[in-house]
1. Looking only at segment 70-104, which residues are free of Cβ contacts under 8 Å to residues at least 12 places away in the same chain and either among the charged types (D, E, K, R) or assigned to a helix (DSSP H, G or I) (or both)?
2. From the list A44, A75, A65, A83, exactly one residue is more than 22 Å from M292 (Cβ to Cβ) and touching a helix residue (DSSP H, G or I) at 6+ places or on another chain (Cβ under 8 Å). Which is it?
3. Would segment 249-259 turn up any residue that is among the charged types (D, E, K, R), crowded, with 23+ Cβ neighbours inside 10 Å and either in contact (Cβ under 8 Å) with a residue 24 or more places away in the chain or part of a loop (DSSP other than H, G, I, E, B) (or both)?
4. Just the residues that are crowded, with 18+ Cβ neighbours inside 10 Å and at pLDDT 75 or above, please, taken from segment 158-194.
5. Just to be sure before I move on: is A230 closer than 25 Å to A25 by Cα, of a type in the set (A, V, I, L, M) and within 11 Å of the chain's Cα centre (by Cα) in the structure I sent?
6. Among (1) surrounded by fewer than 21 Cβ atoms within 10 Å (Cβ to Cβ); (2) of a type in the set (S, T, N, Q); (3) under 17 Å from the mean Cα position of the chain (by Cα), which single condition is S132 missing?
7. Quick check on S71: is it crowded, with 21+ Cβ neighbours inside 10 Å, hydroxyl-bearing (S, T, Y) and more than 19 Å from L258 (Cα to Cα)?
8. Please tell me if L319 is under 29 Å from V111 (Cα atoms) and among the aliphatic types (A, V, I, L, M).
Amino acid sequence: MNIFAASNAYISDSVLMAWAVLICAFIVLAKCADVFVDSSVGLAERFKIPKLIIGVVLVSLATTAPELSVSLIAAFGDNPEMAMGNAVGSVICNSGLAMGLAGLVAASAIVVKPKELKISGLFLIIVVVAFSILVFPDHTLSRWEGATLVALFFAYIIFLFRQYRGGPTEEESREADKGKEAAWPGKLAAMFAIALLGILLSSKFIVVCAETIALSFNIPRAVIAVTLVAFGTSVPEVATCISAARKQEGAIAVGNILGANIMNVCWVAGASAIVNALAIGTNEFYFMFPSMFVLVIAMLGMVWVKFRLTKRKGLVLLLIYLTWAVSFFFLFPPGS
């Protein structure tokens, strides 16, 4: 911990070092994301669990660790707006940036199974609407409201496992049979854990370096807090989603984003609110929450049409996200 803190201080004092570490961190992140996806697919095949469920539950639980840690630290530190903004901003980033890039880099259209998408997509809409309703009256997520979101999350997990306890589809069973000689479960679990550690550590360095570089260009701190922090904590999802898309593991890519969004609302915001009630300013609420809803609906709508995410759809999502980021800069200038 002391070594990491010392390296943070050194990076913060040197823009050149920040650029060098940023490049190295992205290289490490890309490699770890590849291993992470491979081990996740291997675990899904070994234990005969549908890949979308692996993406929604296991991969998403792991890749939302940065959001959870940042929001919990902010909540403990009596910084509720940071905790709330991180959770909402991460949903926006996942829906627009991660899913958009996944559609663009995939060699062919990402195909998703209708049943699995409908279940997770419908629940995502439910929790986003519930989240907005709970926060709307006083722009605060109280402890009991946070507990309600956490309870919804556990109910969803239980439902998923009951829904799929009958095992994988015939197609996934054939895929699992082909990969039985690939690796032992222990090796897959070790690869999963090591890759996750690499993703989290490289993500931490990316956040520190990006903030140093942004401040050197006099980018407003308010913009950094809401956009860069949310992006930084979403880097694992973005990297994992892109890697999965390039490997033609569309179920992992889409499942990861759906699951990460659900967890950002129910788990990250909910658990942080239990620690300390979360609040958000009036102007921020009327900008952030409608933006979150629009991007979630746009993402689900793109994937829902023919249950495919094409390059053109990915470009549309990416443009929506970039429009949001630019508009935020103009709506919340320095000193506002």
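The values are calculated or read from the model by the stated rules, or taken from the named source; none is laboratory data. Values in this document were obtained by computation on a predicted structure and should not be read as measured data. Positions of Cβ are generated from backbone atoms using ideal geometry, with glycine treated the same way; all protein chains shown enter the neighbour counts.
1. Step one: of segment 70-104, the residues free of Cβ contacts under 8 Å to residues at least 12 places away in the same chain are 73, 77, 79.
The one that is free of Cβ contacts under 8 Å to residues at least 12 places away in the same chain and either among the charged types (D, E, K, R) or assigned to a helix (DSSP H, G or I) (or both): I73.
2. Numbers: A75 fails: more than 22 Å from M292 (Cβ to Cβ); A65 fails: more than 22 Å from M292 (Cβ to Cβ); A83 fails: more than 22 Å from M292 (Cβ to Cβ).
The unique qualifying residue is A44.
3. Yes, some residue in segment 249-259 is among the charged types (D, E, K, R), crowded, with 23+ Cβ neighbours inside 10 Å and either in contact (Cβ under 8 Å) with a residue 24 or more places away in the chain or part of a loop (DSSP other than H, G, I, E, B) (or both).
4. L160, L188, M191, F192
5. So A230 passes the test.
6. Every listed condition holds for S132 apart from (3).
7. Working: crowded, with 21+ Cβ neighbours inside 10 Å: yes; hydroxyl-bearing (S, T, Y): yes; more than 19 Å from L258 (Cα to Cα): yes.
Against the criterion (crowded, with 21+ Cβ neighbours inside 10 Å, hydroxyl-bearing (S, T, Y) and more than 19 Å from L258 (Cα to Cα)), S71 qualifies.
8. Taking the combined requirement at face value, the residue satisfies it.
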